[in-house]
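Asker: Structure provided below as structure tokens; questions to follow.
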Amino acid sequence: MLNKKSYVYLSLVFMVSLFIAFSVQAAEKPEGYPSQPIEVVVQYGAGGGSDNFVRNLMMPARRILGTAINITNMTGAAGVKAANYVLNQPADGYTIYNFSPEQLINTAFGRQNYKEEFAPLVQVQQDMSMFYVNPKAEYQTVQELIAYAKKNPGKVQFTGTTPASPDELIIMRFAKAAGIDVKYIPFDKAPKTHAAVLGGHLDVLHEEPGSVMSLIEAKKLIPIIVFNDKRLDKFPEVPCSVELGYNLTTGRWRGLAVKKGTPQPIIDYIAASLKKAYEKSSYQNYAKAALLDQRYGWKDPAEFGKFWDTEYESVKVVLKELGYIK
């Protein structure tokens, strides 16, 4: 006869077994899926951080899912064009969207409704960002930049991708905290922003380090601040925002979503398959080289969905703070 302690132990074992069985069942391959190529839509041009993320994740995912995966870059209208394209496709798991903070920003502006239109798949990255200048710029440190901008209000031109993007929000929050007046000149593709600063046409680039690592190593771009709570081992000479008194550590997060109404078994199966792709050495090596291993970014569908809601509230606060919305 079982005593109370043994009964509790066996009950826990039984519950854990049920949970594991349920998890395995939830990620089982749905009958007939996939039976055709999968399209992943990226709302940015080739060569940027989001494009690199999708391409590196989908390389092992093709083998795991056992089907072709095609990447489509579709820029324009701050991501609305790409989002509308996805929403015009069937909710069947064959069209995946590169879901990023822009969808929450667009919702705050009334251009979209992330909650009604998309279902979370996975979050993969939690990136960090930096400012960079041309080696020939009049300022080579963030302190020199601030001093120059204070003497020349409105003259310093920053660049990033798309208007009212996370790039602009970080830039303008920094400008407000530093007490400087700057201009934001956006482009629809990340390589154009890089070229603008490399060519001396614009002054300061906001970008993730992984996207411009080769340019940093070639000393064609000089990093002057990292938005983090500590310096990076890769760039020990670059100060972090927190040590300079700026409580700005927000970085771009990247994930994937599908059209709302996609069957949950398909969502669970894709998510489980992408987790396997994420854990492959090919993706992890890319992440390490791009400094994407500094912050753990993985979230499953349920976690990612909850994150959307909390992040949306944060986005609204920042947009109100900067005067973009009431």
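Asker: Given a 1.4 angstrom probe, I'd like the percentage of the accessible area of the chain that is carbon and sulfur, rounded to a whole number.
Answerer: That share works out to 55 percent.
Asker: What chymotrypsin sites (Phe, Trp or Tyr not before Pro) in the range 241-282 are in a loop by DSSP, with at most 13 other Cβ atoms within 10 Å of the Cβ?
Answerer: Values: sites: Y246, W253, Y269, Y278; in loops: Y246.
The qualifying sites: there are none.
Asker: Follow-up. Find the Cα radius of gyration of the range 43-96, compare it with 2.2 N^0.38 Å by division, and give the number to two decimals.
Answerer: 1.20
Asker: Could you check the spin-label model distance between E28 and V317? Points 7 Å from the Cα along Cα→Cβ, value in nm.
Answerer: The answer from the label model is 4.4 nm.
Asker: Sticking with this structure for a sec: Once you've got the Cα coordinates, tell me which of K192/K220; K259/K326; K29/K276 are over 19 Å apart.
Answerer: In this structure, K259/K326 exceed 19 Å between Cα atoms.
Asker: Can you run phi through the Karplus equation (6.51, -1.76, 1.60; θ = phi - 60°) for the range 36-46 and list ³J(HN,Hα) in whole Hz, with x for Gly and Pro?
Answerer: Those phi angles translate into 7, x, 9, 10, 10, 9, 10, 7, 10, x, 5 Hz.
Asker: Then there's this: So which helices of the chain fit the span-like rule, where a helix is a whole DSSP H run, its Cα atoms reach 15 Å or more along the axis, and its mean Kyte-Doolittle is at least 1.0?
Answerer: 4-26
Asker: Between T141 and E303, what length comes free when the chain is fully extended (0.36 nm per residue of separation minus the Cα-Cα distance, one decimal in nm)? Write out the running numbers ahead of the final one.
Answerer: On the way: separation 162, 0.36 × 162 = 58.32 nm, distance 3.84 nm.
54.5 nm is the gain from fully extending T141 to E303.
Asker: Over the chain, how many percent of alpha carbon pairs lie in each 10 Å bin up to the one with the longest distance?
Answerer: Reading the bins upward from 0: 5, 25, 31, 21, 11, 5, 2, 0, 0.
Asker: Please identify, among P34, P223, P236, the residue showing maximal mean-square fluctuation in a Gaussian network model of the chain using a 10 angstrom Cα cutoff.
Answerer: P236
Asker: Given only helices, namely DSSP H runs of n ≥ 4 each adding -39500 (n - 2.57), what is the per-residue ellipticity at 222 nm of the chain, to the nearest 500 deg cm²/dmol?
Answerer: Details: 12 runs with 143 residues, N = 326.
My calculation for the chain gives -13500 deg cm²/dmol from helical runs alone.
Asker: In square nanometres, what is one fourth of the surface area of the convex hull spanned by the alpha carbons of the range 72-152?
Answerer: 8.5 nm²
Asker: For K326, project a label point 7 Å along Cα to C-beta. Then give me every residue of the range 104-143 with its amide nitrogen under 16 Å of that point.
Answerer: 109-110
Asker: If you filter the range 195-265 for trypsin sites (Lys or Arg not before Pro), then keep DSSP loop positions with at most 13 other Cβ within 10 Å, what is left? Display every interim value, and only then the final one.
Answerer: Working: sites: K219, K220, K230, R231, K234, R252, R254, K259, K260; in loops: K219, K220, K230, R231, K234, R252, K260.
Counting only loop positions with at most 13 other Cβ atoms within 10 Å, the trypsin sites (Lys or Arg not before Pro) in the range 195-265 are K219, K230.
Asker: Testing the spin-label approximation: label points 7 Å from Cα along Cα→Cβ at R231 and A91. State their distance in nm.
Answerer: Result for the modelled spin labels: 5.1 nm.
Asker: Using a cut-off of 16 Å between alpha-carbon atoms, which lysines can reach K151, once sequence neighbours fewer than 8 places away in the same chain are excluded?
Answerer: Here the lysines satisfying the reach criterion relative to K151 are K176, K183.
Asker: Mind checking the per residue accessible area of the chain for me, 1.4 Å probe, whole number of Å²?
Answerer: 47 Å²
Asker: For the range 130-226, max minus min Cα coordinate along each principal axis, in Å, sorted largest first?
Answerer: Here the spans come out as 32, 27, 23 Å, largest first.
Asker: Follow-up. For the chain, what proportion of DSSP beta bridges, expressed in % and rounded to the nearest 5, is antiparallel?
Answerer: 55 percent
The values are calculated or read from the model by the stated rules, or taken from the named source; none is laboratory data. Since the structure is predicted, the reported quantities are computational estimates derived from the model, not experimental observations. In this analysis, Cβ positions are derived from the backbone assuming ideal geometry, glycine residues included, and neighbour counts consider all displayed protein chains. All accessible areas refer to the heavy atoms of the entire protein, side chains included, with ligands and DNA or RNA removed. Shrake-Rupley method; radii C 1.70, N 1.55, O 1.52, S 1.80 Å.
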